[in-house]
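Novice: What follows is a single structure, and I will ask about it in a moment.
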Amino acid sequence: MSNAADLRAQKCQHQVTALSADEVSERLQAINNWSLQDGKIVRKFSFKNYYDTLAFVNAIAYVIHAEDHHPELVVTYNQCVVKFDTHSVNGGKGGLSQNDFICAAKLDAIFDQSFV
């Protein structure tokens, strides 16, 4: 089983095959506070104010750009909801890939280091 440190050490690569339900369940155990919702992994990050929320969004922008794996973001005054899935898997029908979990673990590290 992968743990968060193992996931953070990996680099996103082009994915064409979605993870199985068992693989998704196993990887969800490695990342705290993420859940499976409508075929995506989702986490709500909470902040003291809008400035901290935007600082987080700016910090994660570098990582998600460098990994070339872009989540759906919902940004409000003191929250940022992040939703990951991979559009290129399952013949373009989408699903979850290793990349989603790699990026989730990296975003968790940014939050834990700067906003907790």
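The values are calculated or read from the model by the stated rules, or taken from the named source; none is laboratory data. If you're wondering where the values come from, they're calculated on a predicted model, not measured in any experiment. Counting neighbours? That spans all protein chains shown, and the Cβs are built from the backbone with ideal geometry, glycine included.
Novice: Scan the stretch 4-23 residue by residue and report those that are among the β-branched types (Val, Ile, Thr) and under 23 Å from CYS80 (Cα atoms).
Specialist: Within the stretch 4-23, none qualify.
Novice: Of the residues in the stretch 27-53, how many are within 15 Å of the chain's Cα centre (by Cα), among the charged types (D, E, K, R) and assigned to a helix (DSSP H, G or I)?
Specialist: Final tally of qualifying residues: 1.
Novice: Continuing with this model, one more query. Quick one: would you say VAL89 is aliphatic (A, V, I, L, M), modelled with pLDDT under 95, loosely packed, with under 14 Cβ neighbours inside 10 Å and out of contact with any His (no Cβ under 9 Å at 6 or more places or on another chain)?
Specialist: In short, no.
Novice: How about the stretch 6-26: which of its residues are free of Cβ contacts under 8 Å to residues at least 24 places away in the same chain and either among the aliphatic types (A, V, I, L, M) or in a loop (DSSP other than H, G, I, E, B) (or both)?
Specialist: ALA9, SER20, ALA21
Novice: It is to be established whether one or more residues within the stretch 18-38 are aliphatic (A, V, I, L, M) and exposed (fewer than 13 other Cβ atoms within 10 Å of the Cβ).
Specialist: Yes, because at least one residue in the stretch 18-38 is aliphatic (A, V, I, L, M) and exposed (fewer than 13 other Cβ atoms within 10 Å of the Cβ).
Novice: Kindly check whether there is at least one residue in the stretch 45-62 that is touching a Lys or Arg at 6+ places or on another chain (Cβ under 6 Å) and either surrounded by 12 or more Cβ atoms within 10 Å (Cβ to Cβ) or free of Cβ contacts under 8 Å to residues at least 24 places away in the same chain (or both).
Specialist: The answer is no; no qualifying residue exists.
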